[in-house]
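K.L.:
Dropping the structure in here first, questions after.
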Amino acid sequence: MTTTFSSSSSPEILATIDLTTEYADLEGHSVSLNDNADQDWQVIAWIDPDKEPTKHTFQDLPLLKKELEKLDIPFTFVIPENKLTDSFKNSGYEGLPKNHQFLIAKDLSLVESIEKQTDKKLTNQLPVFIIVNPDGEVIYLSSGYKIGIGEEIVKAVR
């Protein structure tokens with residue numbers, strides 16, 4: 001399932017999220033989604049790193065690494081605490097845009113909030129990708145299996 005905005009001057013606002021939400025980084029430090037609010041856009045994705053279709057996504061994104069880096073969009077990959085395994089290593093994901101981070105969430109409350117606002121089932125459809133502006137307005141939403149996620153992100157941000 002993918003929802004994108006049209007190429008008109010103002011993208012459709014699909015939902016809003018609270019960018020003051022804090023997650024833990026891989027070292028256990030608290031990080032706010034607001035840390036990237038100085039950017040025009042940021043990509044936030046809730047993932048299940050050991051399962052398809054997330055694994056496919058991490059094969060797809062490196063194909064557009066140069067293009068994504070030119071756009072200078074920060075990527076935040078959020079792993080639900082119950083999906084984090086001992087085998088997970090940030091270094092195991094080569095080819096991602098250099099402006100990325102992995103964070104750990106205790107729950108999927110932001111995804112649940114987007115579910116309520118869009119009336120779409122998302123919590124069991126990881127990965128869930130959104131593009132959000134500094135005001136927390138979601139202008140792109142994709143969940144589940146998706147071929148070409150990198151291309152869609154590039155088109156949406158342009």
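The values are calculated or read from the model by the stated rules, or taken from the named source; none is laboratory data. Treat the numbers as computed from the prediction; the structure is a model and nothing was measured. FYI the Cβ positions are ideal-geometry reconstructions off the backbone, even for glycines, and counts take in every protein chain you see. With ligands, DNA and RNA removed, areas are computed over all heavy atoms of the protein, side chains included. Shrake-Rupley method; radii C 1.70, N 1.55, O 1.52, S 1.80 Å.
K.L.:
For the chain, which whole-number percentage of the solvent-accessible area (1.4 Å probe, protein heavy atoms only) is attributable to carbon and sulfur atoms?
P.N.:
So the carbon and sulfur contribution to the accessible surface is 43 percent.
K.L.:
How charged is the neighbourhood of ASN82? Take every other residue with its Cβ under 15 Å from the Cβ of ASN82, and add Lys/Arg as +1 and Asp/Glu as -1.
P.N.:
-3
K.L.:
Check THR16: other-chain or 5+ apart residues with amide H under 5 Å from its amide H, H built from backbone geometry?
P.N.:
Under 5 Å from the amide H of THR16 lie the amide H atoms of VAL138, each far enough along the sequence or on another chain.
K.L.:
A follow-up question, please. How high is the relative contact order of the chain, in percent, with contacts defined as C-alpha pairs under 8 Å that are six or more residues apart?
P.N.:
About 36 percent, as a whole number.
K.L.:
Is the C-alpha gyration tensor of the stretch 99-158 telling us rounded, prolate or oblate? Criteria: a/c under 1.5 is rounded; beyond that, a/b larger than b/c is prolate, otherwise oblate.
P.N.:
Rounded is the answer for the stretch 99-158, as its axis ratio a/c remains below 1.5.
K.L.:
Taking the alpha-carbon centroid of each part, what is the distance from the stretch 16-35 to the stretch 50-124 in angstrom?
P.N.:
14 Å
K.L.:
Report Rg/Rh for the chain, rounded to two decimals, where Rg is the Cα radius of gyration and Rh the Kirkwood radius.
P.N.:
Using Cα coordinates only, the ratio equals 0.92.
K.L.:
Roughly speaking, what is the stretch gain from HIS29 to ASP50, that is 0.36 nm per residue apart minus the C-alpha to C-alpha distance, in nm to one decimal?
P.N.:
My answer for the length gained is 5.3 nm.
K.L.:
Give, in nm to one decimal, the length gained when the segment between THR118 and ASP18 is fully stretched (0.36 nm per residue of separation minus the Cα-Cα distance).
P.N.:
34.5 nm
K.L.:
Which longest run of the chain has no exposed loop site in it, a site being GluC sites (Glu not before Pro) in a DSSP loop with at most 14 other beta carbons within 10 Å, and the site itself not part of the run?
P.N.:
Result, exposed sites excluded: 28-93.
K.L.:
Order the following by accessible area, largest value first: SER109, SER87. Probe radius 1.4 Å; ligands, DNA and RNA are ignored.
P.N.:
Sorted descending by solvent-accessible area, the residues read SER87, SER109.
K.L.:
A further question follows. Could you work out how much longer the chain between PHE88 and GLU69 gets when fully extended? Use 0.36 nm per residue separation minus the Cα distance between them, nm to one decimal.
P.N.:
Taking PHE88 through GLU69 to full extension adds about 4.4 nm, to one decimal.
K.L.:
By its C-alpha gyration tensor, with a ≥ b ≥ c as the square roots of the eigenvalues, how is the stretch 13-55 shaped: rounded for a/c under 1.5, else prolate for a/b larger than b/c, else oblate?
P.N.:
Oblate is the answer for the stretch 13-55, as a/c is 1.5 or above yet b/c matches or exceeds a/b.
K.L.:
Per residue, how much accessible surface does the chain expose to a 1.4 Å probe? Answer in Å², no decimals.
P.N.:
Dividing the accessible area of the chain by its residue count gives 52 Å².
K.L.:
Once ligands and nucleic acids are excluded and a 1.4 Å probe is used, how much of ASP135 is accessible, expressed in Å² to the nearest 10?
P.N.:
120 Å²
K.L.:
Could you pull out every one of the lysines with an alpha carbon less than 26 Å from that of LYS98, ignoring same-chain neighbours closer than 8 positions?
P.N.:
Within reach: LYS51, LYS55, LYS65, LYS66, LYS70, LYS83, LYS89, LYS106, LYS146, LYS155.
K.L.:
Additional query: Counting C-alpha atoms alone, how compact is the stretch 40-132: give Rg to one decimal and Dmax as a whole number, in angstrom.
P.N.:
Gyration radius and largest Cα-Cα distance of the stretch 40-132: 13.2, 36 Å.
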